[in-house]
Amino acid sequence: MSGDPGSVANAEANAAPPAPPPMPGWKVPLYIAASVMFFLTQGLGLNLAFANLTQIQGSIAATTTESVWLSAAYMAPNVSLAIALVKIRLQYGVRNFAEVSILGFVLASLLNLFVSDLHSAIVVRFLSGIAGAPLSTLGFLYMLEAFEPAKKLTVGVSLAMMNTLLAAPITRLVSPSLLDYGEWRGLYTLEMALALLVMPIIYLLPLTPPPRVKVIVMGDIFSYMLVAIGFGCLAVVLSVGRLYWWLEVPWLGVVLAVGIASITAAIVVDLRRATPLIDVRWLLRPEILHLTAILLIFRLIAAEQTYVVMTLYQNAVGLLYDQLAMLYWIILAFSIIGGLICTVFMNYGFSWQIQLVALILMGVGSLMDAQVTNLTRPEQMYLSQALVAAGAALFLPPSMSEGFKAALSKGPPYLVTFFVVFTFTQSIGGLIGSAFYGTLIIIREKFHSAVLVERVLLADPHVAERASQLSSAYGKVIGDSALLKGEGLALLGSQVSHEANMLAYGDAFFVAAMIAFLSLAGLSIHVFFRFVRSRLIEDRTQAVTSNP
């Protein structure tokens, strides 16, 4: 795994795979279906535990706070592995890469069936995070394989990004039946079944192997270890910080400091290397910083659907997934519709126009959700969540396509750096979104609760009447009037707390809408600036040519 850096750089720069022969038409649907299967297998593995923490914590003898470590254990290794996998695939071949990846995932899925307590569950989830990382890469490769080169970065990327959105609603739809079947083991029996189903795909539908290139040098291992430690620490802090509370436990600060120090060390090391694992200078270019900002903003807005809506109905309202089935069917349907529409328009060269429409849809949907009250039920969110789902499916593919083009124009080594951007913004960005909205909801609930409690005075006849109404149900079993009045006040306090919670969720939806509309304004200004600059350059060129 060592070699001359100059020869490695030349080999990487010249690693352009020959154009493969056109794929027979009957194979295209098979490769697209294979891609969907890989994305679903990886996505369900990621979401099954996260979406059902409340339901499974009893079966593994864990508290609510302890069960969140399952998500942290999965994400800690998962967020950085895509970086290493790009070079591993280039050096050892896509076939070997795929075979080892899927065997590792099958083994990790099998281990889930032997989980008996929290500690074993955390270990298995950590291994699942390692084993699940290559599946999304294989999903991308199979989707791009299905299309001719001219459509890989338009139709292929659009369909691949659409597939990343399908696992979350499908998880909520299948979870009730799986939990009834066998709680934790029921959930991961499905994961193991999917792993066994996708295993033959690698042999029956082989990918076109790119030329093998010796791209891994010894310095890459050290750089990757620093990046993995840094990203892993960030994933742990963002996963559990909200429940332990950010400033309450000292070890959170220590973990965060280690993460920042590791990432800083990785940057310093790679800046001094001839063939860095991550080209930091390219990352700091304006267009790449712009792409990073767009992808992070998308994750913040998309968390409105993936986190805020889910916790609203599960924690605040107390509904179960089978009561939310129609809502998730609508989210799934409009994710597919949005993805297919994006595919059509990207095929005709539209890019920023699609993103403008996407931001409008997500902003309007979030603003509609900001009107949430105690009486809001899933039926009142069908339209708004359909808009958000369609907008999410429309927004991401144009940005991904531009990022791929920028990386490929610089050569295969820059794919690793691009995957750093994508991994950070989507994996870490998703955790940032959940942590941000979770923290915002807690802070705003305390604020609204304090404001409402100030007005709950027994001297107010309306308050006294409401407390009396609430306590009347206990009048036959509580004879002491003071105790009865205290029970009425306790029930009223519970209602006040619930009302404050709903107001806090409304604030979270409103913030998501404002982020979308501010992003819309920023994108509009950016497009206008590019248009004016191109016209000025065109006028200057015409002036020079007309007056030599």
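Quick rundown of the values:
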| item | result |
| --- | --- |
| Scan of segment 195-205 for residues that are buried (at least 20 other Cβ atoms within 10 Å of the Cβ) and under 25 Å from the mean Cα position of the chain (by Cα), ordered by number | Ala195, Val198 |
| Every pair of residues 6+ apart whose Cβ atoms lie under 6 Å, when the first sits in segment 236-265 and is more than 30 Å from Asp279 (Cβ to Cβ) and outside the structural domain of Ile122 (by TED's automatic domain parsing) while the second is polar (S, T, N, Q) and at pLDDT below 90 | Leu243/Thr65 |
| Residue within segment 325-346 that is surrounded by fewer than 19 Cβ atoms within 10 Å (Cβ to Cβ), assigned to a helix (DSSP H, G or I) and among the polar types (S, T, N, Q) present | no |
| Extreme residue, surrounded by the fewest Cβ atoms within 10 Å (Cβ to Cβ), among residues of segment 353-363 that are of a type in the set (A, V, I, L, M) and in contact (Cβ under 8 Å) with a residue 40 or more places away in the chain | Ile360 |
| Whichever residue in segment 148-171 is within 20 Å of Ala406 (Cβ to Cβ) and among the hydrophobic types (A, V, I, L, M, F, W, C) and, among such residues, is surrounded by the fewest Cβ atoms within 10 Å (Cβ to Cβ) | Ala150 |
| Check on Glu191, out of contact with any Cys (no Cβ under 8 Å at 6 or more places or on another chain), exposed (fewer than 14 other Cβ atoms within 10 Å of the Cβ) and of a type in the set (Asp, Glu) | no |
| In segment 490-548, the residues that are more than 36 Å from the chain's Cα centre (by Cα) and outside the structural domain of Gln353 (by TED's automatic domain parsing) | Ala490, Leu491, Leu492, Gly493 |
| Residue under evaluation Phe222, criteria (1) under 30 Å from Ser262 (Cα atoms); (2) part of a loop (DSSP other than H, G, I, E, B); (3) of a type outside the set (A, V, I, L, M), criterion not met | (2) |
| Pick from segment 353-400, criterion assigned to a helix (DSSP H, G or I) and of a type in the set (S, T, N, Q), ranking: nearest to His498 (Cα to Cα) | Gln380 |
| Inter-residue pairs, beta-carbon under 6 Å, first at pLDDT 90 or above and in segment 387-400, second in a helix (DSSP H, G or I) and among the small types (Gly, Ala, Ser), 6+ apart | Leu387/Gly365; Val388/Gly365; Ala389/Ser335; Ala390/Gly338; Gly391/Ala358 |
| Qualifying residue in segment 139-152 (condition: out of contact with any Phe, Trp or Tyr (no Cβ under 9 Å at 6 or more places or on another chain), on the phi > 0 side of the Ramachandran plot and part of a helix (DSSP H, G or I)) | no |
| Gly219 being in contact with an Asp or Glu (Cβ under 9 Å, 6 or more places away or on another chain) and not aliphatic (A, V, I, L, M) | yes |
| Pairs with Cβ under 7 Å, 6+ apart, first in segment 333-344 and more than 17 Å from Leu359 (Cβ to Cβ), second not β-branched (Val, Ile, Thr) | Ile336/Met162; Ile337/Ala390; Thr343/Ser158; Thr343/Leu159 |
| Spans of helices (runs of 4 or more DSSP H) in segment 1-116 with at least 2 residues modelled with pLDDT of 75 or more and surrounded by fewer than 16 Cβ atoms within 10 Å (Cβ to Cβ) | 28-51, 64-67, 94-112 |
| Number of the condition not met by Val453 [criteria: (1) under 30 Å from Leu144 (Cα atoms); (2) in contact with a Gly (Cβ under 9 Å, 6 or more places away or on another chain); (3) modelled with pLDDT under 85] | (1) |
| First in segment 198-219 and part of a loop (DSSP other than H, G, I, E, B), second anywhere and modelled with pLDDT of 75 or more and of a type in the set (Lys, Arg), Cβ under 9 Å, 6 or more apart | Leu205/Lys27; Val217/Arg273 |
| Residue list for segment 270-296, filter: under 18 Å from Ile83 (Cα atoms), touching a residue at least 60 places away in the same chain (Cβ under 8 Å) and of a type in the set (Val, Ile, Thr) | Thr275, Ile278, Ile288, Thr292 |
| Any chance Glu538 is among the acidic types (Asp, Glu), farther than 26 Å from Val451 by Cβ and in a helix (DSSP H, G or I) | yes |
| Identity of the residue in segment 253-279, among the hydrophobic types (A, V, I, L, M, F, W, C) and at pLDDT below 80, that ends up surrounded by the fewest Cβ atoms within 10 Å (Cβ to Cβ) | Ala274 |
| Hits in segment 509-548 - residues which are surrounded by 10 or more Cβ atoms within 10 Å (Cβ to Cβ) and over 25 Å from Leu291 (Cα atoms) | Glu538, Asp539, Arg540, Thr541, Gln542 |
| Residues of segment 291-319 classified as over 14 Å from Gly433 (Cβ atoms), surrounded by 15 or more Cβ atoms within 10 Å (Cβ to Cβ) and not aromatic (Phe, Trp, Tyr), total | 8 |
| Candidates Phe50, Phe126, Phe97, filtered to the one that is under 19 Å from Phe422 (Cβ atoms) and either hydroxyl-bearing (Ser, Thr, Tyr) or touching a residue at least 12 places away in the same chain (Cβ under 8 Å) (or both) | Phe97 |
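The values are calculated or read from the model by the stated rules, or taken from the named source; none is laboratory data. Only a predicted model underlies this, so the values are computations on that prediction, with no experimental measurement involved. FYI the Cβ positions are ideal-geometry reconstructions off the backbone, even for glycines, and counts take in every protein chain you see.
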